[in-house]
Amino acid sequence: MTTAYDFEPLPPELDCLAIDPAPETPSEDELLRMYRAMRLARVFEMRLASLYRQGKIIGAVYLGIGQEAIAAGVASLMQKNDIFNTVSRSLAAWFYRGVEPKHVLARWFGKDIAPSHGRDLGLFLADLETYGIAPYHNGSMASWIPSGAGFALAFKMKRQPNVYIAFTGDGATSPGDFYEGLNFASIHKLPLVVIIENNQFAYSTPIHKQMPVKRVSDRGPAFNIYTDVAFGNDVFNVVRHAKKAIDHARSGKGPVLMEFLTFRRRGHGEHDDASYVSQEARDYWALRDPIKLYEEYLLGKGGLTPSALEAIETECTVIVDDAVRYADSLPFPKPESATTRLFAPR
Ligand SMILES: Cc1ncc(C[n+]2csc(CCOP(=O)(O)OP(=O)(O)O)c2C)c(N)n1
C-alpha cells in the first residue's frame, strides 16, 4: 500500500468553478464542436478502459480523462497547415481534427491497419497529410520539442505563417531535450508552441519531486520567451490563453511556453491504481472535471437543453460501438510480415 502525497489546492487566481466564455462567446457550432470532441474522447476512453480489462488491448492503455479541455481548446485554434503532436492522452485534439475513433481503436487492438499495420499501438498517431499530426521518432515525450523546433524552423525558412504545437506533460520538461529545443527555438525566434498539460504527476512522481520550481512556467524566463500559466479545465480559459500564445508564435515573435494546470483522473496507465494520489485530490479535481464544468455552462448560460446533451452522448456511444465492431472485424498482421515495414525503402 503506497502512501498518498499531500494535496495542495490551486491558488484562487488559477482556479474556476463556473466557466464562461465572456466577452467572446463562440458560435453554437464551435461550442458544440469542442463539446463533441471532449465527450467523444471521454466515451471512447471509458470504453478503452473496459476493453483493457477484457484483455482486448495489446499493451498498456494511457488515458487523458480529466484533461480534455486543453486538447479540444487548443485544437480549435489550429489553422490549415499547422502541425502538432500529442500522444493519445490528448485524444480530444485528434477527434477535433477529424481522426476517426475506429482507426484509433483498431490500432489499440494491434490490427493490420495503416499507417503502421500493427507495428505500434494506439498511443501514437502520425498523419501529416490528413490531420497535421507529426510523425514521432521515439517514445520520449520531451523529444518532440527539439523536433518541433525543426518543423518550426522549416516554417520560418519557407516564410510559411504556421506554428508547430507540441503537447506534452510536466514530466517531459525535466529531460535535456526540453531545454535544447526551447533554447534553439528562442535564439532563432521559431514559431514553436509548447503546451504543457501539467496533470500534477509524471507517472507516480508529483511535481515537487521532479522540479525545484513550483510551476513549469517558472522555467520560461531562462529561455527569454513568452510564458503563461492558466487553469486548464475550463475550455474557454484554454482558448483565451492558448490564442494569445499561438498568435504570439504565429506573428514571428518566437516560441511560447504555455502551461495548463489540470489533473490526471486515472492512473498513469490503466495498470496503475494511482494509490499515491490522495482522496482529497481526487475529490477536489472531480468538482473541476472539464466536461462537468462545460456541461454546467452549456445547460445554464449556453441555453442548451439536457436532451440536446443526451443526444450527443448517444451519438458518441454509437460511434464507439461501431469502432469496436470495426476493430474486431479486422485481421491481425500476418506473422510472416513481421520483418517488413520496419525500415524506409532504400
Ligand atoms: C526518456 C523516457 N523515460 C521514461 C519514459 C516512460 N514514460 C512515459 S510517459 C512518462 C511520464 C511522463 O510524465 P508527463 O510528462 O508528466 O506526462 P503525463 O504522462 O503525465 O501525461 C514516463 C516516465 C519515457 N517515455 N521516456
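Out of curiosity, is Val74 touching a residue at least 60 places away in the same chain (Cβ under 8 Å), touching a strand residue (DSSP E or B) at 6+ places or on another chain (Cβ under 8 Å), within 16 Å of the ligand (Cβ to nearest atom) and of a type in the set (A, V, I, L, M)? Can you show your working first?
On the way: touching a residue at least 60 places away in the same chain (Cβ under 8 Å): yes; touching a strand residue (DSSP E or B) at 6+ places or on another chain (Cβ under 8 Å): yes; within 16 Å of the ligand (Cβ to nearest atom): yes; of a type in the set (A, V, I, L, M): yes.
Yes: the conditions hold for Val74.
Return the residues of the range 175-201 that are outside any loop (DSSP other than H, G, I, E, B), surrounded by fewer than 22 Cβ atoms within 10 Å (Cβ to Cβ), of a type outside the set (Val, Ile, Thr) and free of Cβ contacts under 8 Å to residues at least 60 places away in the same chain; say none if nothing qualifies. Write out each step before concluding.
Keep residues of the range 175-201 that are outside any loop (DSSP other than H, G, I, E, B), which gives 176-187, 192-198, 201.
Retained after the next criterion (residues that are surrounded by fewer than 22 Cβ atoms within 10 Å (Cβ to Cβ)): 176-177, 179-180, 183-184, 186-187.
So of that shortlist, the ones also of a type outside the set (Val, Ile, Thr) come out as 176-177, 179-180, 183-184, 186.
Gly176, Asp177, Tyr179, Glu180, Asn183, Phe184 - these are the residues of the range 175-201 that are outside any loop (DSSP other than H, G, I, E, B), surrounded by fewer than 22 Cβ atoms within 10 Å (Cβ to Cβ), of a type outside the set (Val, Ile, Thr) and free of Cβ contacts under 8 Å to residues at least 60 places away in the same chain.
Per the listing Ser204, Ser251, the residue uniquely at pLDDT 95 or above, more than 25 Å from Met157 (Cβ to Cβ) and over 17 Å from the mean Cα position of the chain (by Cα) is Ser204.
Could you tell me which residue of the range 267-295 is surrounded by the fewest Cβ atoms within 10 Å (Cβ to Cβ), considering only residues that are of a type in the set (A, V, I, L, M) and more than 16 Å from the ligand (Cβ to nearest atom)? Walk me through how you get there before you give the answer.
Narrowing the range 267-295 to residues of a type in the set (A, V, I, L, M): 274, 277, 281, 286-287, 291, 293.
Now narrow it down to the ones that are more than 16 Å from the ligand (Cβ to nearest atom): 286-287, 291, 293.
On the way: Ala286: 12, Leu287: 10, Ile291: 20, Leu293: 22.
Per the stated criteria, the residue is Leu287.
If you go through the range 155-174 one residue at a time, how many are within 12 Å of the ligand (Cβ to nearest atom), in a loop (DSSP other than H, G, I, E, B) and either in contact with a His (Cβ under 7 Å, 6 or more places away or on another chain) or of a type outside the set (D, E, K, R) (or both)? Within the range 155-174, residues that are within 12 Å of the ligand (Cβ to nearest atom), in a loop (DSSP other than H, G, I, E, B) and either in contact with a His (Cβ under 7 Å, 6 or more places away or on another chain) or of a type outside the set (D, E, K, R) (or both) number 1. Across the range 91-121, which residue is nearest to Ala60 (Cα to Cα) among those that are at pLDDT 95 or above and within 16 Å of the ligand (Cβ to nearest atom)? Top of the filtered list is Leu91. When the range 132-154 is filtered for residues that are buried (at least 22 other Cβ atoms within 10 Å of the Cβ), in a helix (DSSP H, G or I) and within 16 Å of the ligand (Cβ to nearest atom), the ones remaining, listed by number, are Trp144, Ile145, Gly148. Glu129 fulfils the conditions (1) within 15 Å of the ligand (Cβ to nearest atom); (2) surrounded by fewer than 17 Cβ atoms within 10 Å (Cβ to Cβ); (3) among the charged types (D, E, K, R); (4) in a helix (DSSP H, G or I) except for a single criterion, (1).
Quick check on the range 203-211. Is at least one of its residues closer than 25 Å to Pro11 by Cα and either away from the ligand (no atom under 16 Å from the Cβ) or buried (at least 22 other Cβ atoms within 10 Å of the Cβ) (or both)?
To start, the set of residues in the range 203-211 that are closer than 25 Å to Pro11 by Cα comprises 203-211.
Filter once more, so that each one left must be either away from the ligand (no atom under 16 Å from the Cβ) or buried (at least 22 other Cβ atoms within 10 Å of the Cβ) (or both): none.
No - not one qualifying residue is present in the range 203-211.
Annotation note: Cβ proximity below 7 Å between a residue of the range 331-346 that is of a type in the set (Phe, Trp, Tyr) and a residue that is surrounded by 10 or more Cβ atoms within 10 Å (Cβ to Cβ) and in a loop (DSSP other than H, G, I, E, B) (sequence gap 6+ or interchain) occurs for Phe332/Gly110; Phe332/Lys111; Phe332/Asp112; Phe332/Gly118.
Given Phe236, Phe263, which one is surrounded by 15 or more Cβ atoms within 10 Å (Cβ to Cβ) and part of a loop (DSSP other than H, G, I, E, B)?
Phe263
Applying a threshold of 9 Å to beta carbon distances and a minimum spacing of six or more residues, or different chains, the list of pairs starting in the range 102-114 at a residue that is free of Cβ contacts under 8 Å to residues at least 12 places away in the same chain and ending at one that is assigned to a loop (DSSP other than H, G, I, E, B) reads His103/Ile113; His103/Ala114; His103/Leu125. One residue stands out in the range 212-228 among those that are farther than 16 Å from Ile165 by Cα and among the aliphatic types (A, V, I, L, M): the one that is nearest to the ligand (Cβ to nearest atom), namely Val216.
No other residue among Glu30, Glu45, Glu68 is within 16 Å of the ligand (Cβ to nearest atom) and under 19 Å from Leu299 (Cα atoms) apart from Glu68.
Only a single criterion out of (1) in contact with a strand residue (DSSP E or B) (Cβ under 7 Å, 6 or more places away or on another chain); (2) at pLDDT 95 or above; (3) of a type outside the set (D, E, K, R); (4) more than 15 Å from Ala249 (Cα to Cα) is not satisfied by Val163, namely (4). Is it fair to say Pro331 is modelled with pLDDT under 95 and assigned to a loop (DSSP other than H, G, I, E, B)? No: the conditions fail for Pro331. The criterion of at least 1 residues that are charged (D, E, K, R) is met, among helices (runs of 4 or more DSSP H) falling completely within the range 1-98, by 28-53, 68-75.
The values are calculated or read from the model by the stated rules, or taken from the named source; none is laboratory data. All values derive from a computational prediction rather than experimental measurement. Note that we place each Cβ from the backbone using ideal geometry, even for glycine, and neighbour counts take in every protein chain shown.
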